[in-house]
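A.B. asks: I am attaching a structure below and will ask some questions about it afterwards.
Throughout, read-outs are computed from the coordinates displayed, never taken from laboratory work. A quick note: this is a predicted structure, and the numbers were derived from the prediction, not measured. Note that we place each Cβ from the backbone using ideal geometry, even for glycine, and neighbour counts take in every protein chain shown.
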Amino acid sequence: MDAATQAGVYINSVCGGDGICGKCRLILKEGAVKVEPTTLLTRDEIKKGYLLACQTKAEGDIVVEVPPESREEKGKILVDKDARRFRGLYAPLKGKVYFKYDPLVQKMYLSPL
């Protein structure tokens, strides 16, 4: 998914790359990939070379086809209920990003006086 984004190819992924929506389908044309198992693709789709972009790691150079239903066009208005629910969850990190470690809960030890 990150490689496609860096190449300027935007793929629909309303779940933010968690592998639960199945909308980031690609068709593998050439190359080798490592794919995490999923129940979102049928056996027929898997035989045809379909895979989920968010659950796939390229093991070198690959060639894929992005089917029309998986394309994320700029300026597209999202009306799908899942799109509203998951909007903004997936954003690749650019450069070094430092996160402030500030947990919601803290453990404190008390001792008697």
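A.B. asks: Give the residue that is surrounded by the fewest Cβ atoms within 10 Å (Cβ to Cβ), with candidates limited to residues of region 1-56 that are touching a Leu at 6+ places or on another chain (Cβ under 7 Å) and of a type in the set (G, A, S).
C.D. replies: Across region 1-56, the extreme among qualifying residues is G49.
A.B. asks: Restricting the search to region 1-28, which residues are over 17 Å from E65 (Cβ atoms), among the hydrophobic types (A, V, I, L, M, F, W, C), out of contact with any Phe, Trp or Tyr (no Cβ under 6 Å at 6 or more places or on another chain) and touching a residue at least 60 places away in the same chain (Cβ under 8 Å)?
C.D. replies: C21
A.B. asks: Within region 60-72, can you find the residues that are in a loop (DSSP other than H, G, I, E, B) and loosely packed, with under 10 Cβ neighbours inside 10 Å?
C.D. replies: Kept after step one, since they are in a loop (DSSP other than H, G, I, E, B), are these residues of region 60-72: 60-62, 66-67, 72.
Once the filter is applied, which keeps residues that are in a loop (DSSP other than H, G, I, E, B) and loosely packed, with under 10 Cβ neighbours inside 10 Å, region 60-72 yields G60, D61.
A.B. asks: I'd like to know if region 29-50 contains one or more residues that are within 13 Å of the chain's Cα centre (by Cα), within 20 Å of P68 (Cβ to Cβ) and not in a loop (DSSP other than H, G, I, E, B).
C.D. replies: no
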